[in-house]
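The values are calculated or read from the model by the stated rules, or taken from the named source; none is laboratory data. This one's a predicted model, so the numbers in the text were calculated from it and none came from an experiment. We place every Cβ from the backbone using ideal geometry, glycine too, and count neighbours over all the protein chains shown.
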Amino acid sequence: MASLFFSTIEVTRQAFYRSTLSYAIVNLKPIVPGHVLVLPTRHVQRLADLSEPELSSLMRAVKQVGSVIEREYGADALTIACQDGKAAGQSVPHVHFHLLPRKFVGDNFSGKNNDEVYPALEKAEAEMAQPFKVDADEDRVPRSMEDMEKEATWLKTFFPTEQGP
């Protein structure tokens with residue numbers, strides 16, 4: 001199995017879903033439990049850089065992974081976000097979607113705080129460019145590779161070993 005890279009960061013051990021043209025990884029510093037990323041296998045910076053088959057595969061992966069994440073994390077909905085380009089807040093120059101399982105009650109952003117997920121996501125996006133930097137007052141510390149692999153191994157059980165395109 002070929003290694004997977006999120007821009008220049010090797011993420012093969014964090015991967016739990018894989019198709020010919022896309023894959024999904026667990027997050028180093030999740031905003032909510034179950035926060036994952038879905039990416040095209042080919043390293044491109046913008047959605048417009050994807051071929052039609054790559055875009056179709058990516059959207060299919062977002063749908064399939066989102067379904068599992070929502071169900072397995074007991075969520076009521078998903079926040080799905082993509083910062084498409086540096087001016088939009090994209091800090092890692094590789095197209096990616098954030099999938100965050102959301103709950104009416106019980107996540108840090110439920111109720112009146114619902115829209116606070118977007119500044120948190122923007123901050124998380126900026127931190128991804130420096131994945132192991134930890135601010136002294138930061139609540140979200142990077143997880144260990146062991147913890148990420150454990151979650152990825154569990155999530156792999158919900159997907160066939162290799163998806164189609």
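Scanning the range 67-92 for residues that are buried (at least 19 other Cβ atoms within 10 Å of the Cβ) and polar (S, T, N, Q) returns T79, Q83, Q90. For the range 111-156, a residue qualifies if it is among the hydroxyl-bearing types (S, T, Y) and at pLDDT 95 or above, and exactly one does: T153.
Looking for something assigned to a helix (DSSP H, G or I) and either modelled with pLDDT of 95 or more or under 17 Å from the mean Cα position of the chain (by Cα) (or both) - is there at least one such residue anywhere in the range 73-83?
no
Name the pairs: first residue in the range 79-92 and touching a residue at least 24 places away in the same chain (Cβ under 8 Å) and within 13 Å of D49 (Cβ to Cβ), second residue in a loop (DSSP other than H, G, I, E, B) and not acidic (D, E), Cβ to Cβ under 6 Å, at least 6 apart or on different chains? As it stands, the answer is D84/R46; G85/R46; Q90/Q83, since those pairs meet every condition given.
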